[in-house]
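Questions regarding the structure given below will be posed in turn.
The values are calculated or read from the model by the stated rules, or taken from the named source; none is laboratory data. None of these values were measured; they are calculated from a predicted model. Glycine gets a Cβ as well: all are built from the backbone with ideal geometry, and neighbour counts include every protein chain shown.
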């Protein structure tokens, strides 16, 4: 496959060039997990991959718990569907904890502290409560777990997410809340480690391929050995794609920061900020100023490319005004 074929296949598999998906949860389910530390950008990332999407529709899916936001794969937030939360945490949380170890040690956070903080958080949230980080900070401080330092508190909450104690709750206005995972997420059948490795591998390559082993290692947060094992379990047919799709509905996109189209690959040509792409290639950057969009292209565009970018801009403005 040449570069153009690779890009066309990725656009197709990521549901960017065209999509039959009607709801946000199915986008997350298809991709496996969607990086979501920038909540607004992540909502637009989901909308880009739907046939039609409204801002209210994506926000509703999050608030109703059809999409969960928590830490897994790598030390950052991801969107994930409820039925995938537990097996993904079981598979990837140990590696995220290892990568977060220096932060834990810096703030003198160890197993005994986390056992205590997790108990405090559980008691505060039990009974279907949805509390902001500020409210949980107060509960931790009252119990004797120091939480005034914002970074220390972030590490406490990170560990609680990785331990499967808390996850996202619905927003209160524009404020985020936490909920108990056991109350927010229905029980699911546990997977063996091999089953989880095979499932995550299939999800990644079907939705992000063509991709390399190193791309998968970067995206999944797995070790090279585990990633190789996943590829072996999934089978060559599941991880190698040769079909080149022809259907293109959307030629240009205003990709949000940390979009899966770039962040899911170790080797990438585009940056991780808001990026304008045409035919899969970065041609500039964009930003929103109040009600207008500013596009800064890095090369001259022909008439058809200008039309494609204008269409992409209109699509974003339509989403944000709803």
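Matching residues to (1) surrounded by 15 or more Cβ atoms within 10 Å (Cβ to Cβ); (2) out of contact with any helix residue (DSSP H, G or I) (no Cβ under 7 Å at 6 or more places or on another chain):
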residue: 236; (1), (2): no, yes
residue: 248; (1), (2): no, yes
residue: 255; (1), (2): yes, no
residue: 258; (1), (2): yes, no
residue: 283; (1), (2): yes, yes
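So which helices (runs of 4 or more DSSP H) are wholly in segment 9-77 and hold at least 3 residues that are more than 22 Å from residue 185 (Cα to Cα) and touching a strand residue (DSSP E or B) at 6+ places or on another chain (Cβ under 9 Å)?
Result: 39-48.
Same structure, new question: Can you give me the number of residues within segment 93-105 that are touching a helix residue (DSSP H, G or I) at 6+ places or on another chain (Cβ under 7 Å) and part of a helix (DSSP H, G or I)? Reasoning before the result, please.
Filtering segment 93-105 down to residues touching a helix residue (DSSP H, G or I) at 6+ places or on another chain (Cβ under 7 Å) leaves 93, 96-97, 100, 103-104.
Keeping just the survivors that are part of a helix (DSSP H, G or I) gives 93, 96-97, 103-104.
Qualifying residue count for the region: 5.
Next up: Out of 132, 122, I need the residue that is touching a strand residue (DSSP E or B) at 6+ places or on another chain (Cβ under 6 Å) and either farther than 18 Å from residue 104 by Cα or free of Cβ contacts under 8 Å to residues at least 40 places away in the same chain (or both). Which one?
After ruling out the rest, the residue left standing is 132.
Determine whether segment 106-122 contains at least one residue that is surrounded by 15 or more Cβ atoms within 10 Å (Cβ to Cβ) and not in a helix (DSSP H, G or I).
Yes.
For residue 137, work out the one condition from (1) within 26 Å of the chain's Cα centre (by Cα); (2) surrounded by 14 or more Cβ atoms within 10 Å (Cβ to Cβ); (3) touching a residue at least 24 places away in the same chain (Cβ under 8 Å) it doesn't fulfil.
In the conditions (1) within 26 Å of the chain's Cα centre (by Cα); (2) surrounded by 14 or more Cβ atoms within 10 Å (Cβ to Cβ); (3) touching a residue at least 24 places away in the same chain (Cβ under 8 Å), residue 137 misses (3) alone.
Still on this model: If residue 270 satisfies every condition in (1) assigned to a loop (DSSP other than H, G, I, E, B); (2) within 29 Å of residue 107 (Cα to Cα); (3) in contact with a strand residue (DSSP E or B) (Cβ under 9 Å, 6 or more places away or on another chain) but one, which is the exception?
Answer for residue 270: the failing condition is (2).
Here is a check on your reading of the model: is residue 139 part of a helix (DSSP H, G or I) and either touching a helix residue (DSSP H, G or I) at 6+ places or on another chain (Cβ under 9 Å) or within 24 Å of residue 187 (Cβ to Cβ) (or both)? Walk me through it before giving the result.
Numbers: part of a helix (DSSP H, G or I): yes; either touching a helix residue (DSSP H, G or I) at 6+ places or on another chain (Cβ under 9 Å) or within 24 Å of residue 187 (Cβ to Cβ) (or both): yes.
In short, yes.
Would you point out the residue of segment 154-181, among those that are assigned to a helix (DSSP H, G or I) and without any contact (Cβ under 8 Å) to a residue 60 or more places away in the chain, that is farthest from the chain's Cα centre (by Cα)?
For segment 154-181, the residue satisfying everything is 156.
Within segment 203-213, is there a residue that is touching a residue at least 12 places away in the same chain (Cβ under 8 Å) and closer than 26 Å to residue 160 by Cβ? Can you show your working first?
As a first pass, look at segment 203-213 and keep what is touching a residue at least 12 places away in the same chain (Cβ under 8 Å): 203-213.
Retained after the next criterion (residues that are closer than 26 Å to residue 160 by Cβ): 203.
The answer is yes, given that some residue of segment 203-213 is touching a residue at least 12 places away in the same chain (Cβ under 8 Å) and closer than 26 Å to residue 160 by Cβ.
Still on this model: Could you pull out the residue among 53, 45, 33 that is buried (at least 21 other Cβ atoms within 10 Å of the Cβ), at pLDDT below 95, farther than 30 Å from residue 144 by Cα and in contact with a helix residue (DSSP H, G or I) (Cβ under 8 Å, 6 or more places away or on another chain)?
53
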